[in-house]
Structure formats: structure tokens, C-alpha cells
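**Student:** Mind looking over this structure? Questions follow.
Any read-out appearing in this document is the output of simple, stated calculations on the displayed coordinates, not a laboratory observation. For clarity, every value in this text was computed on a predicted model and none was experimentally measured. Note that each Cβ is placed from the backbone with ideal geometry, even for glycine, and that neighbours are counted across all protein chains shown.
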Amino acid sequence: MQCTAVFGHGIHCENATMKNLHAYLAQALDLIGEWERRWPAFTRHPAVAVDAAALEAAWACYSERLQDNYPFFHPHYAGQMLKPPHPVAVLGYVAAMLINPSNYSDESGRATVEMESELVKDIAAMFRLPQGALGHLTTSGTIANLEGLWVSRELGRGKAIAFSEQGHFIHERLCSLLDVEGIKVSADDCGRMDVDRLDHALRSGRIGTVVLTAGTPGLGAVDPIDQVLALRERYGFRIHVDASYGGFFALLAWSNDSPINPGPFRAIAECDSIAVDPHKHGLQPLGCGCIVFRDPAVRRLYQHDAPYLSCGSDALSPGGVGLECSRAGAAAGALWLTLQCLPLEPERGLGPIVRACREAAQRWAGLIENSREFSLYVKPELDILTYFPLTDIDSCARLDACCENLQRILGQRRNPIYISLLRVRNEELQKRCRGITADSPSCRILRSVLLKPEHESAVDYLHQSLVEALRACP
Ligand SMILES: *Cc1c(COP(=O)(O)O)cnc(C)c1O
């Protein structure tokens, strides 16, 4: 059965009759119901019973309140890094959630713990890490990065951690949490860590770990991981890759016709730890990150001997090598089921999905480059587009107001369109927009995250709508 990623309420299958999510969810309820009937019947305690009328009323209220949301599922939503899970992930999640295993150990989760170890092998293989790499799922990219940096600190006590000014804001916060000196390295005009600046900072001898980002949150830029590997030969330091956003693009980097610059993604195979978020490009519900370590020997850092957990520091259970304790086994189940239908491969499964997202960004970038109304802020490397209007605006404060207006006008149309704003330094904007005066320290430009493959056929409409909105802008 070949499933393609279509967002909607059906699970769209090639060469198979389409069964919709309604039917599959009923199947999940039956499955778990039958499984429960393998144990003796019992009566539920009356204390957990709910009043039917109260539930009806609460549901009515809940239904009403849930209307207040952005339509992340729709191609006209091109704002932040959000989209609903694939229906297959929903099915996998719901079935496992009804059991509610915790992937701490084989005492708290069994089937899903085993699935998780298979998933980690698949994710490590996607990055071409050597066999035996150690890793596990996490609740988020934040926790995955925390673990990467915690291991770095344990292995290099007293050493600093360097990260790019364009990296995710959590790196600075994690350094402070771990009580490690954080060194911010400037980025170049494309938003990638500036290797010369890094080289300069490394000369101090204080840096024990360099955090590189594959897909920065603002611009979707990919740090020159391959070039930093060469510096590692010279200075010796750990490399942690924050591939939370862009990790799945690594699928494209090994084919001959790679649409992305393959060097940095191929270099991930040589790095020490990698964080990646299946809940971003991996079609999963929120609550699914992943950390992988190239060298499985780091497991020794996780030793503990909690007397109430039979596994103790049994390093083979996921919780024995993780910072978190309880963690949804359903997240592993959902990802496992998804990857059976949409595997981590360049030509089918996740590969064509990220390829389409990047194609959407390239296509829209082309429309912007050929337009008189907008200009690109940086050329998109992945699927995040940053741009600003080109009118007779001559000051940063006015450009900021114009961008805010545009976002509002688009969001209030009869057919709303959602984009986000990105705050940039005025000196950076001045490099790209000659003649603009810097009358404030920073200003906001426009940003669109195109993380749904359906964006590919929506960008013409999105672009046209922006052009119209600009004309309507005061
Ligand atoms: C999303 C993101 C994070 C944070 O991950 P969460 O899953 O939101 O906790 C870190 N770094 C990058 C590059 C990200 O895109």
C-alpha cells in the first residue's frame, strides 16, 4: 500500500480503496477494546463517571472554543512552523494513547519502546551515522538540544559552547541553564554561521562545542557544517547539529540530482550529536523530537539508580539514556506507523514531501525576484521564505508598519492568508534595500514557512494575494 501525504480527513492511498480516518479511528477503538477484553471484566469506579449532560455542555463549549485557531492545515496558512499530523500518525497515536505507555523503559512501555529503538536506527541511518549510534525520541526539539548540550558539558567541563546569532533562541537559554559560557558567533549575509568569525573565536581555546543549525528558525539557512568539520581537525571540539527544523532535508542530500546544497547535510554524518523534530517535517503531532549521538559510549553519563524503577540505570531502556522520565509511547507509535507508509527515502515517502516544500519556496522566490512589488531578504535554502515590499518606503519604521499592515490585511480578507513577521536588524536590511533610513534599531519583514507540500501549487495564489494586499495598503 502506497500512501501519499494528503492533508484532509481521509487517508489517501494509491492502489487501494480509500478508507477515511473516521473508519480507521473506529478500527483503533475496536483494536484496543479487543485487547482489553483479554483481561477479566471489572466495573469502573463510580468516581470517574461523568454526568452525560455536563459532558454535552462541556463539549459544546469546547467545540466553540476550538474554533479560535489558525488553519494550520490549509495551504493558505504560511505563517509559522506548524501543520496538523498526517492522518496515519493520528491513527497510530490514538491507538497507542488508549493504552498510554510511557517510553521510559520496558516496564512502562513495551511495543512502543521496541518501535522507538527501530525508529532511532532509521533516523540515524537517514543521517548516515555509523551503526550503533545512541539515541531516543524526546518530547521536543528543545529537550533534544538540551540533551546534546548537556552531554557536551559533561564531556567538556569548563569549556564554552558557541552558537550562531541566527540559531534558535533556546541555545543561549540552554547555556545559562547548564551554567556554561555561551559564545554567540555572527552570521553571514545568508544567515549562515560565519566560519571566519568562528575560526577567530576558536583561537581562544575556550570553546568545547560548536552548535550548528541545519535550517535556522528565522531564515531556514543551513550552517556550513562541512567547513566547520575542517576546523574541528585543527582545534578539536564537539559539534552538535540542531537539525530540529531542517533535518529531514538530509534525505535529498545523497542523490545525484540533490536540489539542496548537499555538503552540509552529508557532513552531519561526522558530527557528534544531532537534534531533529519529527513533529515539524516528520508529519507528527506535537510532542515528538529526537536526539542521536554518534558515539554510543556517552551512555555512561546517564547512570542513575532510582530504587523504584526496576530498570534502574539499565542503559538499554530509552529512559536509562534520557533526561526525561515519562514520555508518550504514543509518539513513537505514531511515527512508526507513519514511516511504514511514508519511509525515510529520497524518492518516496518523506523525500518527495520535503522536496515539494523546497520547490514551493523556490517557485515563490522566483515570483518575488521577477516582481516589482517585493524583494527577497535572502534566497531560500530550504522552505522558509523571507521578503519585504518594495514601494516608495524610505525608512525602516515605515517598512515595519507596512509589513504589519500587510499581515493584518491578508488575515482579514474573506479568504484569509496567514504569513508571519521576522524581526531583522536595520543594518542588515540596509544592505538589501538601498536608500532606506534606519530610524529604529530593528524592523519586521515578511516570512512564510512553506512546510506543506500543498504549498507548491498554492504559491502563485499566495504571491498574487500579497501583490493585491500591497496595493490596498495605506
Ligand atoms: C523548532 C526548533 C527548535 C525548538 O524545538 P521545539 O520542538 O519547538 O522545542 C530548536 N531549533 C530549531 C532550529 C527549531 O526549528
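**Student:** So how far, in whole Å, is the C-alpha centre of the stretch 17-90 from the one of the stretch 165-217?
**Tutor:** Using only Cα atoms, the two centres lie 42 Å from each other.
**Student:** Working from the alpha-carbon coordinates of the chain, get Rg over Rh, Rh being the Kirkwood radius.
**Tutor:** 0.99
**Student:** I would also like to ask the following. Just to confirm my numbers, what's the Cα centroid distance between the stretch 396-474 and the stretch 328-364 in Å?
**Tutor:** Cα centroid of the stretch 396-474 versus Cα centroid of the stretch 328-364: 28 Å apart.
**Student:** Can you bin the stretch 234-386 into rounded, prolate or oblate? Criterion: square roots of the alpha carbon gyration tensor eigenvalues sorted a ≥ b ≥ c, rounded for a/c under 1.5, prolate for a/b above b/c, oblate for the rest.
**Tutor:** In terms of gyration-tensor shape, prolate.
**Student:** For the stretch 398-474, what does the alpha-carbon gyration tensor say about shape, rounded, prolate or oblate, given a ≥ b ≥ c as the root eigenvalues, a/c under 1.5 as rounded, and a/b over b/c as prolate?
**Tutor:** Cα axes put the stretch 398-474 in the prolate bin.
**Student:** Near the amide H of Ile239, under 5 Å away, which other amide H atoms are found, from residues 5 or more places off or on another chain, if H is placed in the peptide plane?
**Tutor:** Long-range HN contacts for Ile239: Val210, Asp272, Ser273.
**Student:** Also: Tell me, what HN-Hα J-couplings in whole Hz come from the Karplus equation 6.51 cos²θ - 1.76 cosθ + 1.60 at θ = phi - 60° for each residue of the stretch 429-443, using x for Gly and Pro?
**Tutor:** 5, 4, 5, 9, 9, 4, x, 8, 8, 9, 9, 7, x, 8, 8
**Student:** Rank-order 335-341, 70-76 by packing density, defined as the average count of other C-beta atoms within 10 Å over each peptide's residues, highest first.
**Tutor:** Ranked from most to least packed, the peptides come out as 335-341, 70-76.
**Student:** Residue by residue, what Karplus-based ³J(HN,Hα) values in Hz, rounded to whole numbers, does the stretch 110-124 have, using 6.51, -1.76 and 1.60 with θ = phi - 60° and x for Gly and Pro?
**Tutor:** Rounded to whole hertz, the list is 10, 4, 6, 5, 5, 4, 4, 5, 5, 5, 5, 4, 5, 5, 4.
**Student:** So, one more: May I have the pair-distance distribution P(r) for the stretch 47-128, computed from all Cα-Cα distances with 10 Å bins from 0 and rounded to whole percent?
**Tutor:** Percent of pairs per bin, in order: 13, 22, 32, 25, 6, 1.
**Student:** Can you list residues whose amide H is under 5 Å from Val185's amide H, if they're 5+ apart or on another chain and H is modeled 1.01 Å from N?
**Tutor:** For Val185, the qualifying residues are Phe163, Ser164, Glu165.
**Student:** Something else: Give a residue-ordered list of calculated ³J(HN,Hα) values for the stretch 98-108 (Karplus: 6.51 cos²θ - 1.76 cosθ + 1.60, θ = phi - 60°; whole Hz; x for Gly, Pro).
**Tutor:** 5, 8, 6, x, 10, 7, 6, 7, 6, 8, 10
**Student:** Same structure, new question: Would you mind estimating how fast the stretch 315-474 diffuses translationally, via Stokes-Einstein at 4 °C and 1.567 mPa s with the Kirkwood radius over Cα pairs, in µm²/s?
**Tutor:** 72 µm²/s
**Student:** While we're here: Run the numbers on the chain and let me know its relative contact order in percent, using alpha-carbon pairs under 8 Å that are six or more apart.
**Tutor:** Answer for the chain is 18 percent.
**Student:** Then there is this: How big is the charge dipole of the chain about its Cα centre, in debye rounded to the nearest 20, if each Lys and Arg gets +1 on its Cβ and each Asp and Glu gets -1 on its Cβ?
**Tutor:** It comes to approximately 440 debye.
**Student:** Based on DSSP H runs of at least 4 residues, each adding -39500 (n - 2.57), what is the mean residue ellipticity at 222 nm of the chain after dividing by all its residues, to the nearest 500 deg cm²/dmol?
**Tutor:** Computed mean residue ellipticity for the chain: -12000 deg cm²/dmol.
**Student:** Which whole-number percent gives the relative contact order of the stretch 380-474, counting Cα pairs below 8 Å spaced six or more residues apart?
**Tutor:** 39 percent
**Student:** Moving on to the next point. Can you classify the stretch 105-199 as rounded, prolate or oblate using the Cα gyration tensor, where a ≥ b ≥ c are the square roots of its eigenvalues, rounded means a/c under 1.5, and otherwise it's prolate if a/b beats b/c and oblate if not?
**Tutor:** Prolate, because a/c is 1.5 or more and a/b exceeds b/c.
**Student:** Would you work out which of Gly191, Leu155, Leu231 lies farthest towards the positive end of the dipole of the stretch 155-234? Charges go on Cβ: Lys and Arg +1, Asp and Glu -1.
**Tutor:** Leu155
**Student:** While we're here: Expressed in nm to one decimal, what extension gain is obtained for the pair Ala306 and Arg413 from 0.36 nm per residue of sequence separation less their Cα-Cα distance?
**Tutor:** Additional length available on full extension: 32.8 nm.
**Student:** Shifting gears a bit: What ranking do 253-259, 211-217 get when scored by the average of other Cβ atoms within 10 Å per residue, highest first?
**Tutor:** Highest mean packing first, the order is 211-217, 253-259.
**Student:** In the stretch 256-365, if the dipole is taken from +1 on Lys/Arg beta carbons and -1 on Asp/Glu beta carbons about the Cα centre, which of Pro285, Leu323, Ala306 is farthest to the positive end?
**Tutor:** The residue sitting farthest along the positive end of the dipole is Pro285.
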